[in-house]
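Have a look at the structure below before the remarks.
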Amino acid sequence: MEEKQVLKRIERLTQLATLPEVLAQILKIADDPESPLDDLARVILKDVSLTARILSAANSAYYGRASEVSSIRDAIMTLGSRTVKAIALSVSIVNVIGRLDTQISLKTYWKHSLEVAIISELVAEKYGLKEKEEAYIAGIFHDIGILAMDACFPREYAHVWKSAQNGESLISLEESLFGTNHCRVGSYLLSMWKLPQVFSRSVYSHHDTVELKEPTNEQVIPQIVNLAERLAKYRLDIKSSLKDMEFDNSKVVMKNLGLTNTDMAEVEAEIIPKFLDAASFLEIEVGSPLELLTEANSRVFELYREIEELLEGFKKDTNYRDHIEYDRLAVEILHTVVATFSHYFNNACASMLGRAQLIEMALKKGELEDKKNILENSLIAIQNGVNNITGTIAELKQVKSFKTTLYHDKTLIIDLEDSLKKYKPKNAKIKARI
Ligand SMILES: [Fe+2]
Ligand SMILES: [Fe+2]
C-alpha cells in the first residue's frame, strides 16, 4: 500500500472528517488577541455540555479560585482564553475518539496519551514556556494516527498491532505495510482539521531523534512532546523493556531542551496526581489508582527481571571484560528502576499518609472512638511501613557501585536493616510514635 491511498481513506472516513463547528469557532476567536471576551462566551454558550465543563473547571480546585464562578464570562476570566481553548479541544477530541470504531483498547490509549499530555505540560512549565496548554494539547493528540489507521484498515492494522504487542517496532511494521506511519497520518489528520501547525508538527516528529544546537521557537513544543513520549510509563505500542528505553535518545532530547536529570525528577513527582485529575475532569476511564499502581508494580517487577537477565548476560559474555563499565551500566540501570519505582510509590505513600492524617485528626477531635487503640496502632504500622518504603528507595538511590552488593536470586541482598532503623524521612507528616 502507498501513503497516498492511506491518506485518501482517512479523508473519506466520516467519523473523522470534521471537528465540531463550535470548536472551529472557538479556536479562531481564542487565537485572536483582539477579539472581545463576550464573543468567546457567546460561542461557548452554544454548546451546553462544553459550557458545563468550562464552568466546572473554573470552579475546580485544579484551576479555580476561592469564590464561586457562575457565568461563562467569569469562567473565561478565571481560566484565561488559552485554558478555555485547551479544554474545548480536549473535550472535543475525547468525543471524536469515543465515536471511532477501533479495536484498540481506549483505556490503554487514553492512559498513554493523557500521561504524555501531562508530562508535556509539566516539561513545558519547567522549560519556562508560556504556552504550556499547547504542549498539553499536542500531547493529547500525539498518537491519534494509530486510531485513524486502525479505524480505516481494521484487518491490516490488527496484524500490525499484534506484532507490535509482541515487541516488534510499531513504526517499522506500519511503514512496511502502509508505506507510512501513525506520526505522518496523525499529522495529516490535524492539518485536515485545520488545527494550528504546532500540533501537526508535534505529532509528525514525536518518535524522531534529532540533535539540535538550540531549538527554534517552532521546534520547542514538538521536542517537549517527543521527550514526554520517552518518559511516559504507560506504554501503548510496545511492551517496553530496558532495551527499548533508549537512554541515549532521551538524553539527546533533554539536551536539546537544556533540561537536567533534576528537572526530570521534579516533573516526575507531579505526574500521577495531575494525571488522575485530568482523567476525572475529561471523564476518561483510565482505571482506579489501585489498578494503576498494580500495573506499575508489575512493570517494575519486569524491569528487575530484565536487569538480572542483562547482568547475567554480561557476566557470561567472555568478550565483556570491562568490569568498570559493567558496574557503571548496572548502577545506571538500577537508578532508572528506582526512579520508576519511587515515582509510583511516593504517590501511594503520600496518599496513605494523607488518609492517616485525617484519621489522626478525627481521633484527636474525639470524632472516632478507639477504646482498644486499634486505630492508633494501625497508624503507627502505616507510618512505619511508609518509612520503610521511602527509606529503602532513598538507600537504593545511594548505591554507587555493585562491587559489594548482591542479588536476591542468589539469596544475597543489600542489607538495609541498620540504615532503616536510623532513617527518618524529611517530609513525614505524622510523627512516628515508636
Ligand atoms: Fe505515544
Ligand atoms: Fe507514537
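The values are calculated or read from the model by the stated rules, or taken from the named source; none is laboratory data. All values derive from a computational prediction rather than experimental measurement. Cβ atoms come from the backbone with ideal geometry, glycine included; neighbour counts cover every protein chain shown.
A few comments on the model shown:
- Which numbered condition Gly80 misses (of (1) touching a helix residue (DSSP H, G or I) at 6+ places or on another chain (Cβ under 6 Å); (2) on the phi > 0 side of the Ramachandran plot): (1)
- Inspection of segment 96-115 finds a residue satisfying the criterion of being within 26 Å of Val6 (Cα to Cα), assigned by TED's automatic domain parsing to the domain that holds Ile10 and surrounded by 24 or more Cβ atoms within 10 Å (Cβ to Cβ).
- Qualifying residue in segment 139-155 (condition: under 20 Å from the mean Cα position of the chain (by Cα), in the same structural domain as Thr260 (by TED's automatic domain parsing), surrounded by fewer than 23 Cβ atoms within 10 Å (Cβ to Cβ) and modelled with pLDDT of 95 or more): no
- Gln165, sole failed condition from (1) farther than 22 Å from Leu79 by Cβ; (2) modelled with pLDDT of 95 or more: (2)
- Screening the candidates Glu174, Glu125 for the property of being more than 16 Å from ligand 2 (Cβ to nearest atom) and among the acidic types (Asp, Glu) yields one hit, Glu125.
- Matching helices (runs of 4 or more DSSP H) fully within segment 86-156 where at least 1 residues are over 26 Å from Thr180 (Cβ atoms): 106-127, 132-141
- Test: residue in segment 213-222 that is within 16 Å of ligand 2 (Cβ to nearest atom) and either surrounded by fewer than 21 Cβ atoms within 10 Å (Cβ to Cβ) or of a type in the set (D, E, K, R) (or both): no
- The set of residues in segment 185-214 being in contact (Cβ under 8 Å) with a residue 40 or more places away in the chain, within 14 Å of ligand 1 (Cβ to nearest atom) and assigned to a helix (DSSP H, G or I) consists of Val185, Gly186, Ser187, Ser202, Val203.
- Of the candidates Glu168, Glu131, the single residue that is surrounded by fewer than 22 Cβ atoms within 10 Å (Cβ to Cβ) and either more than 16 Å from ligand 2 (Cβ to nearest atom) or on the phi > 0 side of the Ramachandran plot (or both) is Glu131.
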